[in-house]
Amino acid sequence: MSDDESGLRELRSAVREFLEAKSSEEAVRKLMESEPRFDPDVWAQAADQLRLPALAVPEEYGGDGFGPVELGVVLEEMGRALFCSPFFATAVLAAQALLASGDGAACARHLPGIAAGHTTATLAVAEEGGSWDPVLISARAVPDGDTGWKLSGRKCFVVDGTTAGLILVVARTVAGPSLFAVDRTAPGVTAEAMRTLDATRAMARLTLEDVPATLVGADGAGGRVMARVLDLATTALAAEQAGGARRCLETSTEYARTRHQFGRPIGSFQAVKHKCADMLVQVELAEAASREAARLAAEGSAGFPVAAAVAHACCSRAYTFAATENIQVHGGIGFTWEHPAHLYFRRAKSSQLLFGGPALYHERLLDRLGI
């Protein structure tokens, strides 16, 4: 075993042990009904003990300087445990947007707080239609004085939008889509929690009325930044989906071994065997796709955008399939509110739609392939 493989195993073991202690089904259900929908004490422990928010932040900004492969390991474990935290919004969406902007001053201003776990952040792109295509953005930004800007518009499906201290907003200027930094407590910002299928991932609707903002990166460069961020974010989401799908497979096979009907385990029945076998194929494919995309991202390969789109499509399908079959294997109990199977199904469906849904991510794959 190489040192890299050993390090990844140790990272996975440490994160799994932490999440088994902090993200039990009971804890997840409690947080689903709370506001905020994460435990600030657990988030502080994840930052102080494991330095999870710092994982993929460059060392020059106070992070640990690891890359997409290590990030993928952490997200697989978080997806497996349905971990309720601002990690995806902060460490993936916001941090990667700052890095992709190439704005050293903005990175130096915001990334150290993110790495330390003191700053939670998010990225606001989608509007009423749910699309992350910068071309469809209608929110506007106009100059205000020599260096300032004012933003107006509405954003929807903003992950952790009611709690994030820093909001990175993609808005349109005369030069085109651009990225802006907004303080959630700034005048003119209204954040409203959205009621969605998946209560384990908090979503918000933001209304911006002449909100003071700071330009991040070059004016009009939002399209380029978003293309990079979307590739990285879908790769990270794919890892989370693969982790959730693996957990659905584990619970199904465990139940098939221990649940008896007609004097024998239900796993001995051919129909149940086929379901578990089909789930295994989908889960293995999802893990392979997400890990390959992360590897190519770490290497800076020209094939990464295609791999990211493939991973997004593959893992979205696999997780939805595994979560559905998990309910079927469990039978009547799997349909009840008391059983965790429906929690994974809800997460699978919401993740499938997070960046626009199947029609859009298949179009994105064709675009990355140059078709």
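For every residue, the table says whether it meets (1) of a type in the set (S, T, Y); (2) open to solvent by less than 30 Å² (accessible area, probe 1.4 Å); (3) part of a strand (DSSP E or B).
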site	(1), (2), (3)
L111	no, yes, no
A126	no, yes, no
S138	yes, no, no
P143	no, no, yes
D146	no, no, no
E192	no, no, yes
A199	no, yes, no
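For the range 73-93, name all the residues that are in contact (Cβ under 8 Å) with a residue 60 or more places away in the chain, assigned to a helix (DSSP H, G or I), within 26 Å of G222 (Cβ to Cβ) and in contact with a helix residue (DSSP H, G or I) (Cβ under 8 Å, 6 or more places away or on another chain). If you could, list the steps in order and put the result at the bottom.
Taking the range 73-93 as the starting set, the residues that turn out to be in contact (Cβ under 8 Å) with a residue 60 or more places away in the chain are 73-84, 86, 88-90, 92-93.
Narrowing further to those that are assigned to a helix (DSSP H, G or I): 73-81, 88-90, 92-93.
Applying the additional criterion that residues be within 26 Å of G222 (Cβ to Cβ) yields 75, 88-90, 92-93.
Once the filter is applied, which keeps residues that are in contact (Cβ under 8 Å) with a residue 60 or more places away in the chain, assigned to a helix (DSSP H, G or I), within 26 Å of G222 (Cβ to Cβ) and in contact with a helix residue (DSSP H, G or I) (Cβ under 8 Å, 6 or more places away or on another chain), the range 73-93 yields L75, F88, T90, V92, L93.
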Requested in this report: Within the range 248-265, track down each residue that is open to solvent by 40 Å² or more (accessible area, probe 1.4 Å) and in contact with a Pro (Cβ under 9 Å, 6 or more places away or on another chain).
Outcome: R257, T258, R259
Report summary line: The lone condition Q96 fails out of (1) modelled with pLDDT of 95 or more; (2) in contact with a helix residue (DSSP H, G or I) (Cβ under 9 Å, 6 or more places away or on another chain); (3) over 30 Å from G223 (Cβ atoms); (4) not hydrophobic (A, V, I, L, M, F, W, C) is (3)
Query raised in the report: Would the range 319-326 turn up any residue that is within 20 Å of R80 (Cα to Cα), in contact with a Leu (Cβ under 9 Å, 6 or more places away or on another chain) and either free of Cβ contacts under 8 Å to residues at least 40 places away in the same chain or open to solvent by 20 Å² or more (accessible area, probe 1.4 Å) (or both)?
Result: yes
**Report entry** Subset of the range 16-43 (residues that are hydrophobic (A, V, I, L, M, F, W, C) and farther than 17 Å from V74 by Cβ)
**Finding:** A27, V28, L31, M32
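Looking at the range 162-182, which of the residues that are outside any loop (DSSP other than H, G, I, E, B) and of a type in the set (V, I, T) is nearest to P36 (Cα to Cα)?
Just the residues of the range 162-182 that are outside any loop (DSSP other than H, G, I, E, B), to begin with: 166-173, 176-182.
Imposing the further condition that a residue be of a type in the set (V, I, T) reduces the set to 167, 169-170, 173, 182.
Numbers: I167: 16, V169: 21, V170: 24, T173: 33, V182: 20 Å.
In this case the residue turns out to be I167.
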Query raised in the report: Conditions: (1) in a loop (DSSP other than H, G, I, E, B); (2) open to solvent by 20 Å² or more (accessible area, probe 1.4 Å); (3) within 25 Å of F355 (Cα to Cα); (4) among the polar types (S, T, N, Q). T185 meets all but one. Number of the miss?
Result: (3)
Query raised in the report: How about the range 177-230: which of its residues are free of Cβ contacts under 8 Å to residues at least 40 places away in the same chain and over 30 Å from A294 (Cα atoms)?
Result: D183, R184, T185, A186, P187, G188, V189, T190, A191, E192, M194, R195
Requested in this report: Only residues in the range 246-263 that are modelled with pLDDT of 85 or more count as the first member; pair them with residues that are open to solvent by less than 50 Å² (accessible area, probe 1.4 Å) and polar (S, T, N, Q), Cβ under 8 angstrom, at least 6 apart or cross-chain, and list the lot.
Outcome: C248/N326; L249/N326; T251/N326; S252/N326
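Anything in the range 266-280 that is part of a helix (DSSP H, G or I), surrounded by 13 or more Cβ atoms within 10 Å (Cβ to Cβ) and not basic (K, R)? List them, or say none. Walk me through how you get there before you give the answer.
Within the range 266-280, the subset part of a helix (DSSP H, G or I) is 266-268, 270-280.
Filter once more, keeping what is surrounded by 13 or more Cβ atoms within 10 Å (Cβ to Cβ): 266-268, 272-273, 275-276, 278-280.
Within the range 266-280, I266, G267, S268, V272, C276, D278, M279, L280 qualify.
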Query raised in the report: Pairs, please: C-beta under 9 Å, at least 6 apart or cross-chain, first residue closer than 8 Å to A311 by Cα and in the range 286-299, second acidic (D, E) and surrounded by 23 or more Cβ atoms within 10 Å (Cβ to Cβ)?
Result: S290/E76; S290/E240; A293/D231
Query raised in the report: What are the pairs, 6+ residues apart or on separate chains, where a residue within the range 331-349 that is open to solvent by 40 Å² or more (accessible area, probe 1.4 Å) has its Cβ under 7 Å from a residue that is polar (S, T, N, Q)?
Result: F345/T324; K349/T320
Report summary line: If we keep only residues of the range 350-367 that are open to solvent by 60 Å² or more (accessible area, probe 1.4 Å) and of a type outside the set (A, V, I, L, M, F, W, C), then the residue nearest to M279 (Cα to Cα) is H362
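The values are calculated or read from the model by the stated rules, or taken from the named source; none is laboratory data. Please read all numbers here as calculations on a predicted model, not as lab measurements. Here the Cβ is made from the backbone with ideal geometry for all residues, glycine too, and neighbour counts use every protein chain on show. Heavy atoms of the whole protein, side chains included, go into the accessibility calculation; ligands, DNA and RNA do not. Shrake-Rupley method; radii C 1.70, N 1.55, O 1.52, S 1.80 Å.
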